[in-house]
Amino acid sequence: MKQLRKDGIKALNQDLNDLYGVDILSKKDKVIVKENLIFVNDSLDFFYLDEKPVPTLHFLMKNNVLKKITVDMGAVKFMINGADLMRPGVVDIENGIKKDDVAVVVDQNNGKPLCLVITSGTTEEMKTMDKGKIARNIHYVGDEVWNG
């Protein structure tokens with residue numbers, strides 16, 4: 001476990017800005033890195049995946065900084081149990097997604113974050129598909145990161 005100093009927070013904030021286009025941290029935040037988890041002011045807000053900081057579902061419930069993929073209610077139980085995202089359950093894909101982007105999957109009724117995925121194509125490529133896997137599930141409600 002390591003608490004980041006101001007220069008470490010600044011570097012992490014720059015990484016987050018490069019990835020998600022927003023400043024998330026301030027110099028006054030208490031940032032602790034424990035293994036691959038990043039706690040900001042005692043809240044598990046990010047985790048490292050392939051050495052890149054990725055927001056957790058807890059963080060996204062307060063501040064969504066990711067592109068969204070919306071699924072029908074029939075897909076919800078699969079997504080929150082770690083299944084990969086299959087095209088038939090998808091009702092909307094936000095514009096601007098690139099291959100290998102991290103995106104958040106939300107349900108169509110409430111717009112609540114269900115899981116994070118790594119996309120296997122661009123928005124346009126995924127929209128033209130009518131079946132098959134379009135994204136790999138990397139973080140879902142109830143997984144190790146969720147339980148922190």
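Structure notes:
- The set of residues from region 16-38 being assigned to a strand (DSSP E or B) and either of a type in the set (A, V, I, L, M) or in contact (Cβ under 8 Å) with a residue 40 or more places away in the chain (or both) comprises VAL31, ILE32, VAL33, LEU37, ILE38.
- Hits in region 131-145 - residues which are under 16 Å from the mean Cα position of the chain (by Cα) and either open to solvent by 100 Å² or more (accessible area, probe 1.4 Å) or modelled with pLDDT under 95 (or both): ARG136, VAL141, GLY142, ASP143, GLU144, VAL145
- The residues listed here are THR119, THR123, THR128; of these, the one that is open to solvent by 20 Å² or more (accessible area, probe 1.4 Å) and farther than 20 Å from ASN63 by Cα is THR128.
- Picking from residues in region 39-63 that are out of contact with any Leu (no Cβ under 7 Å at 6 or more places or on another chain) and either part of a loop (DSSP other than H, G, I, E, B) or among the hydroxyl-bearing types (Ser, Thr, Tyr) (or both), the one that is least open to solvent (accessible area, probe 1.4 Å) is SER43.
- Residues of region 64-100 classified as in contact with an Asp or Glu (Cβ under 8 Å, 6 or more places away or on another chain) and open to solvent by 50 Å² or more (accessible area, probe 1.4 Å), total: 6
- Any chance GLY148 is crowded, with 17+ Cβ neighbours inside 10 Å, modelled with pLDDT under 95 and either under 15 Å from the mean Cα position of the chain (by Cα) or not polar (S, T, N, Q) (or both): no
- Residue in region 101-114 that is open to solvent by 40 Å² or more (accessible area, probe 1.4 Å) and over 19 Å from ALA135 (Cβ atoms) present: yes
- Near pairs, Cβ below 8 angstrom, 6+ apart or cross-chain, from region 51-71 (closer than 14 Å to ILE97 by Cβ and of a type in the set (D, E, K, R)) to any residue that is open to solvent by 30 Å² or more (accessible area, probe 1.4 Å) and not in a loop (DSSP other than H, G, I, E, B): LYS68/ASP92
- The set of residues in region 50-59 that are at pLDDT 95 or above and farther than 12 Å from GLY148 by Cβ comprises PRO53, VAL54, PRO55.
- For beta carbons closer than 8 Å, sequence separation of 6+ or different chains, a first residue in region 94-121 that is under 11 Å from THR70 (Cβ atoms) and a second that is open to solvent by less than 10 Å² (accessible area, probe 1.4 Å) and part of a loop (DSSP other than H, G, I, E, B), the qualifying pairs are ALA103/ILE97.
The values are calculated or read from the model by the stated rules, or taken from the named source; none is laboratory data. Only a predicted model underlies this, so the values are computations on that prediction, with no experimental measurement involved. Positions of Cβ are backbone-derived with ideal geometry, glycine not excepted, and every protein chain shown enters the neighbour counts. Ligands, DNA and RNA are excluded from the accessible area calculation, which covers all protein heavy atoms including side chains. Shrake-Rupley method; radii C 1.70, N 1.55, O 1.52, S 1.80 Å.
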